[in-house]
1. If I build a Gaussian network model for the chain, linking alpha-carbon pairs within less than 10 angstrom, which residue out of A102, A53, A226 has the largest mean-square fluctuation?
2. List the residues of region 236-278 whose backbone N lies under 13 Å from a point placed 7 Å from the Cα of W284 along the Cα-to-Cβ direction.
3. Based only on Cα atoms, what Rg/Rh ratio does region 5-84 have, Rh being taken as Kirkwood's radius?
4. Name the most mobile residue of M221, M239, M69, meaning the one with the largest mean-square fluctuation, in a Gaussian network model of the chain with Cα contacts below 10 Å.
5. K260 to E68: extension gain in nm, 0.36 nm per residue of separation minus the Cα-Cα distance?
6. Can you tell me the orientation of helix 31-45 relative to the chain, as the angle in degrees between its alpha-carbon axis and the longest Cα principal axis, to the nearest 10?
7. Could you put T51, T262 in order, starting from the residue whose Cβ has the fewest other Cβ atoms within 10 Å?
8. When a footprinting reagent is the concern and you count Cβ atoms within 10 Å, what order do S167, S236 take, fewest first?
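None of the figures in this text is laboratory data; all of them are computed from the coordinates on show. From a predicted model like this one, the values you see are computed outputs, not experimental measurements. With ideal geometry, Cβ positions are generated from the backbone for all residues, glycine too; neighbour counts draw on all protein chains shown.
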Amino acid sequence: MSLPFRAIAVFHAVARNGSLTKAADELFVTTSAVSQQIQNLEAHLGTTLLTKAGRGIVLTEAGERYFEMIADEVERISEATQRIRGFRSRSVLVVRSTPSLATKWLRPRLGRFLDANPDVELRLNGTNEPTDFSREAVDIEIRHGEGRWPGLFVEGLAEESFLPVCSPSLAASGSMTAADVSRHRLIYSFKSQVQWPQWFSLAGVPPAEESRRVLFDRSHMSVDAAAEGMGIALESTLMMWRELCAGTLICPVEAPPPIKLTTQWIVCPLEHLNKRKVKTFIDWLRVEKQDWQDQIGALGLPTTV
């Protein structure tokens with residue numbers, strides 16, 4: 001029995017995109033042509049692969065199983081076809097991230113991802129605006145917030161520790177008590193989920209009534225200002241790992257109150273997990289998370305012992 005290869009390729013595009021319309025656009029055919037190919041494949045298999053859900057479609061249980069079985073093989077056939085034609089196919093991966101995470105954590109690590117995936121062309125968009133995946137051509141986002149976005153795939157990037165930090169030219173590591181901190185200029189990142197009043201409360205110390213301060217709306221600006229000796233910042237180890245490893249930032253407080261939480265989240269529509277490039281990027285993020293945790297753990301910071 002001959003296999004309906006065209007119908008299989010069309011089903012793969014529909015399942016990967018989670019949409020008949022998007023699959024049609026990708027394949028340069030009409031939506032009705034896509035629907036006809038799906039019907040042909042369902043007749044060939046003797047089972048229903050797609051069902052309506054509101055205005056869209058979702059895979060049936062049989063459709064999910066079938067896609068899992070064919071996805072890697074179809075992508076390997078596609079890649080082999082491109083190679084035999086004499087060129088390497090390039091897959092564009094669009095990633096959105098907050099500016100501070102993009103600058104301080106993601107961009108310095110991207111070389112390893114690109115070296116391991118030479119066929120991927122990556123586009124990194126730094127913004128605090130959450131992605132409207134129904135309107136914007138973004139594959140995956142690392143979003144700042146509390147992780148509550150129903151209907152999307154959501155996974156915490158990493159648990160962060162928030163520490164008071166400053167340049168070693170301002171104070172030595174572990175040379176202050178919590179009460180000493182308010183005597184210095186305090187650097188605020190006012191979009192951060194952890195603020196100085198919360199830190200002083202946890203430390204059991206009332207903040208000075210007239211403390212000096214400077215305020216920034218981006219964490220990467222606060223980190224840079226602290227490293228330049230402007231004052232003491234309260235920042236996440238996720239944002240300042242390079243400065244901590246290089247010794248340009250230190251924790252001047254001997255026993256700071258431990259503050260740990262997750263503020264950065266890997267987010268995308270569930271159907272994007274069917275895209276090989278998205279799965280590859282998420283797997284890479286998980287490896288980089290472990291590498292970052294190992295680096296931070298080796299520093300012996302107050303909240304990691």
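1. Result: A53 has the largest fluctuation of those listed.
2. 276-278
3. Details: Rg = 12.2 Å, Rh = 12.8 Å.
Ratio value, two decimals: 0.96.
4. Comparing M221, M239, M69 in a Gaussian network model of the chain, the most mobile one is M69.
5. Working: separation 192, 0.36 × 192 = 69.12 nm, distance 3.71 nm.
65.4 nm is the gain from fully extending K260 to E68.
6. 70
7. Numbers: T51 11, T262 16.
Lowest to highest Cβ neighbour count: T51, T262.
8. Details: S167 21, S236 28.
In order of increasing Cβ crowding within 10 Å: S167, S236.
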